[in-house]
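Trainee: One structure is given below, represented as structure tokens, and several questions about it will come after.
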Amino acid sequence: MGQWIKTEFGSITLLSNHEPFPNTDQALIEPNGLIAISKTLKAEKIIEAYKQGIFPWFNQHEPILWWSPNPRLILFPEDLKISTSLSKKIKKNNYQFLIDKDFISVIKHCSKMKRKNQNGTWIDDRIINAYSELHRLKIAHSYEIYFNENLVGGLYGIILDGVFFGESMFHNERDASKIAFVLTIQHLKKIGIKMIDCQMKTNHLLSLGAIEISRDRFVQLLNTYIKT
């Protein structure tokens, strides 16, 4: 195992690209789920992480921080909840829903979103470059909403067998990201995705049908739905 470094929260593994991640039960309780630190972010390491229930998340000018929080927020596609008002907007069908038309624009829009209790962005050039490589490998995908041919909302994430790992959403017009999310989940259900990883709890995602499960249960489901 890699070098251990001490932080104010406890000892954390400093990983090289060739070293495996620690078992998820070694993640710190506070901050919730911090499990490893690395100096670089490679596409193959991201894939390895997701398969084990780990994901990268860090602020600009920080090293790469890897997380496996407990509990974990997920959504089963069949449990998606759509409010009456949102359903009416979707039925108007005055927009285009497209997949993978402009991945780089989606991730860059996500990087510029102002988020509550967050200064700056965690989607820096390291994230953009790594996930763009995953997109070239047909593992990362973008789901986009256009109005009058303008990109107004969307989200991106990666697919590994039966699991979609959602990363970030954006909107430039009201409810555009909500519409993108609903249509994305409906599409993912059609192509056989069994579980959506939403990572961390938000009231917005809970309102759409997401639930919290234990990290152990989440890892069990990953092992069931990811075959390779």
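Coordinate-derived values only; no laboratory data. Computed from a predicted model, the values in this text were never measured in an experiment. Please note: Cβ atoms are built from the backbone with ideal geometry, for glycine as well, and neighbour counts cover all protein chains shown.
Trainee: Of the options Phe218, Ile127, Leu206, report the single residue whose Cα projects farthest towards the positive end of the charge dipole of the range 73-225 (beta-carbon charges: Lys, Arg +1; Asp, Glu -1).
Mentor: Farthest towards the positive end: Leu206.
Trainee: Using the Karplus curve 6.51 cos²θ - 1.76 cosθ + 1.60 with θ = phi - 60°, what ³J(HN,Hα) values do you get for each residue of the range 190-197, in whole Hz, with x for Gly and Pro?
Mentor: Coupling constants for the range 190-197: 5, 8, x, 6, 9, 8, 10, 8 Hz.
Trainee: Now a separate question. Just how many % of Cα pairs in the range 166-210 lie over 12 Å apart, if you round to the nearest whole percent?
Mentor: On the way: 655 of 990 pairs.
Result: 66 percent of Cα pairs exceed 12 Å.
Trainee: So what are the ³J(HN,Hα) numbers for the range 160-170, from phi and the Karplus equation (6.51, -1.76, 1.60; θ = phi - 60°), rounded to whole Hz, Gly and Pro as x?
Mentor: Taking θ as phi minus 60°, the curve returns 10, 6, x, 10, 10, 9, x, 10, 7, 10, 8 Hz for the range 160-170.
Trainee: Would you order Lys138, Lys89 from fewest to most other beta-carbon atoms within 10 Å of each residue's own beta-carbon?
Mentor: On the way: Lys138 9, Lys89 18.
Sorted ascending by nearby Cβ count, the order is Lys138, Lys89.
Trainee: Charges at C-beta only: +1 for Lys and Arg, -1 for Asp and Glu. How large is the resulting dipole of the chain about its Cα centre, in Debye rounded to 20?
Mentor: Numbers: 29 positive and 23 negative charges, 140 e Å.
Taking the Cα centre of the chain as origin, the dipole is about 680 debye.
Trainee: Okay, moving on. What 222 nm value per residue comes from the helices of the chain, counting each DSSP H run with n ≥ 4 as -39,500 (n - 2.57) and dividing by all residues, nearest 500 deg cm²/dmol? List each step's numbers first, then the result.
Mentor: Working: 7 runs with 71 residues, N = 228.
After summing the helix terms and dividing by residue count, I get -9000 deg cm²/dmol.
Trainee: So what's the angle, to the nearest 10 degrees on a 0 to 90 scale, between helix 215-225 and the longest Cα principal axis of the chain?
Mentor: It is inclined by approximately 70 degrees.
Trainee: OK, next. Taking θ as phi - 60°, what are the ³J(HN,Hα) couplings along the range 43-59 by the Karplus curve (6.51, -1.76, 1.60), each to the nearest whole Hz, with x for Gly and Pro?
Mentor: So the J values, rounded to whole Hz, are 4, 5, 6, 5, 4, 4, 5, 4, 4, 9, x, 10, 9, x, 7, 7, 8.
Trainee: Taking the alpha-carbon centroid of each part, what is the distance from the range 20-50 to the range 142-194 in angstrom?
Mentor: The distance from the Cα centre of the range 20-50 to that of the range 142-194 comes to 25 Å.
Trainee: Classify the range 3-71 as rounded, prolate or oblate, taking a ≥ b ≥ c as the square roots of the eigenvalues of its Cα gyration tensor: rounded when a/c is under 1.5, otherwise prolate if a/b is larger than b/c and oblate if not. Mind dumping the intermediate values first?
Mentor: Values: a/c = 1.39, a/b = 1.16, b/c = 1.20.
Rounded.
Trainee: What size of dipole, in debye to the nearest 20, comes out for the range 3-71 about its Cα centre when the only charges are +1 on Lys and Arg C-beta atoms and -1 on Asp and Glu C-beta atoms?
Mentor: That gives the range 3-71 a dipole magnitude of about 160 debye.
Trainee: Right, here's the next one. Helix 125-136 versus the longest principal axis of the chain: what angle, 0 to 90°, nearest 10, using Cα atoms?
Mentor: 70 degrees
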